[in-house]
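A.B. asks: There's a structure below that I have some questions on.
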Amino acid sequence: MRKRLGVVFTVATLSILILAYGATFAAANVGYVDEFTDSSLGSFWTFVDPLGTSSYSLTAHSGWLRITAPVGAALAPTSNYNAPRVLQSVTGSFVATTYVNGNFSEDGFRAGLLLWNNTNNYMRVEKWGANKVLMYGVIGGTVRSQQANLPSSSDSLYLKLEKSGTTISGSWSQNGATWNLIAQYTNFNAADPVQVGLFALTVGSTNFSPDFDYFHINPGNIFVVPEYPLLGTMAIPIAMGAAFIIHRRRPKQKTNATA
């Protein structure tokens, strides 16, 4: 009897540890990955549209997120914070990447990744016109800005925004494998959680509608897949299986046979 109780206790402990491990592992994830293959925007995203005249679409270019910015929608340390953006809450260090495509025929057409805390603490990493990239924002109320030229004009580009502790950096790539650093800043002290996502702006002559192929964040969870559900559900069958084994191994009751 004592031995069986010990096995039951061990199985119960194992089940609890599996559940706890699943919860801990899920809690370590800071954001959600999105391939934009669904017909609607995930519930973890928030679409920010200060002017009420911006829009987004997941059907205009199937498999991509299109954000349309109206003329004059900027994101600068002035009174104009009107650029449309989709943001999700993130805690801790992360690496966010995307691939943006569009008609970047004017310097006023810009789109990319955004790290947002408030008007005194935010950072953009963006494709700027046809042949430039820019890391631009405000840290502790001070403007930070660094641009770089692309080897050639193009309508698409890979972008990366990384936060490691209080250090943030921005990079670009033409092939998604070889990355080129734009700038790095070491004093981004905004408290968690912060908002991370994608944006579009235009200070050009017309509306601008870039497309984003995906939003990846590491560490992160896959869009609409419950956080490691297998880890939680494994506890039940393990306990049931162990109970069955215990039952099978229980010695038979001795009886006195009669003729």
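The values are calculated or read from the model by the stated rules, or taken from the named source; none is laboratory data. Note that the structure is predicted; figures quoted are calculated from it, not measured. All Cβ positions, glycine included, derive from the backbone under ideal geometry; neighbour counts span all protein chains shown.
A.B. asks: How many residues are buried (at least 17 other Cβ atoms within 10 Å of the Cβ), closer than 21 Å to residue 99 by Cβ and at pLDDT below 95 if we restrict to the stretch 193-222?
C.D. replies: The qualifying residues number 2.
A.B. asks: How about the stretch 118-132: which of its residues are assigned to a strand (DSSP E or B) and among the hydrophobic types (A, V, I, L, M, F, W, C)?
C.D. replies: Step one: filter the stretch 118-132 for residues assigned to a strand (DSSP E or B), giving 118, 121-128, 132.
Correct list: 123, 125, 128.
A.B. asks: Quick check, is residue 60 more than 16 Å from the chain's Cα centre (by Cα), surrounded by fewer than 16 Cβ atoms within 10 Å (Cβ to Cβ) and at pLDDT 95 or above?
C.D. replies: So residue 60 passes the test.
A.B. asks: Residues 110, 66, 144: which one is outside any loop (DSSP other than H, G, I, E, B), of a type in the set (D, E, K, R), surrounded by 16 or more Cβ atoms within 10 Å (Cβ to Cβ) and more than 21 Å from the chain's Cα centre (by Cα)?
C.D. replies: Exactly one residue qualifies, and that residue is 144.
A.B. asks: On the basis of being within 14 Å of the chain's Cα centre (by Cα) and surrounded by fewer than 20 Cβ atoms within 10 Å (Cβ to Cβ), does residue 79 make the cut?
C.D. replies: Criteria not met by residue 79.
A.B. asks: Do you know which residues across the stretch 147-162 are among the aliphatic types (A, V, I, L, M) and either loosely packed, with under 14 Cβ neighbours inside 10 Å or without any contact (Cβ under 8 Å) to a residue 60 or more places away in the chain (or both)?
C.D. replies: 148, 150, 157, listed by residue number.
A.B. asks: Looking only at the stretch 227-243, decide whether some residue is surrounded by fewer than 17 Cβ atoms within 10 Å (Cβ to Cβ), modelled with pLDDT of 50 or more and assigned to a loop (DSSP other than H, G, I, E, B).
C.D. replies: no
A.B. asks: Let me ask you something else. Within the stretch 35-52, is there a residue that is closer than 23 Å to residue 173 by Cβ and in a strand (DSSP E or B)?
C.D. replies: No, the stretch 35-52 has no match at all.
A.B. asks: Then there's this: Considering 169, 152, which residue is at pLDDT below 95, more than 21 Å from residue 73 (Cα to Cα) and in the same structural domain as residue 47 (by TED's automatic domain parsing)?
C.D. replies: So the residue among 169, 152 that is at pLDDT below 95, more than 21 Å from residue 73 (Cα to Cα) and in the same structural domain as residue 47 (by TED's automatic domain parsing) is 152.
A.B. asks: Another question, if that's okay. Do we have any residue at all in the stretch 118-135 that's surrounded by fewer than 16 Cβ atoms within 10 Å (Cβ to Cβ), among the aliphatic types (A, V, I, L, M), touching a strand residue (DSSP E or B) at 6+ places or on another chain (Cβ under 8 Å) and in the same structural domain as residue 45 (by TED's automatic domain parsing)?
C.D. replies: No, every residue in the stretch 118-135 fails to be surrounded by fewer than 16 Cβ atoms within 10 Å (Cβ to Cβ), among the aliphatic types (A, V, I, L, M), touching a strand residue (DSSP E or B) at 6+ places or on another chain (Cβ under 8 Å) and in the same structural domain as residue 45 (by TED's automatic domain parsing).
A.B. asks: Based on what the data block shows, is residue 94 modelled with pLDDT of 95 or more, within 18 Å of residue 219 (Cα to Cα) and within 24 Å of the chain's Cα centre (by Cα)? Explain how you work it out, then say what you get.
C.D. replies: Numbers: modelled with pLDDT of 95 or more: yes; within 18 Å of residue 219 (Cα to Cα): yes; within 24 Å of the chain's Cα centre (by Cα): yes.
Here the answer is yes, as residue 94 does meet what is asked.
A.B. asks: Consider only pairs whose beta carbons are under 7 Å apart and that are at least six residues apart or on different chains; among these, list those whose first residue lies in the stretch 164-182 and is surrounded by 14 or more Cβ atoms within 10 Å (Cβ to Cβ) and of a type outside the set (S, T, N, Q) and whose second residue is modelled with pLDDT of 95 or more and not in a strand (DSSP E or B).
C.D. replies: Cβ pairs passing all conditions: 168/188.
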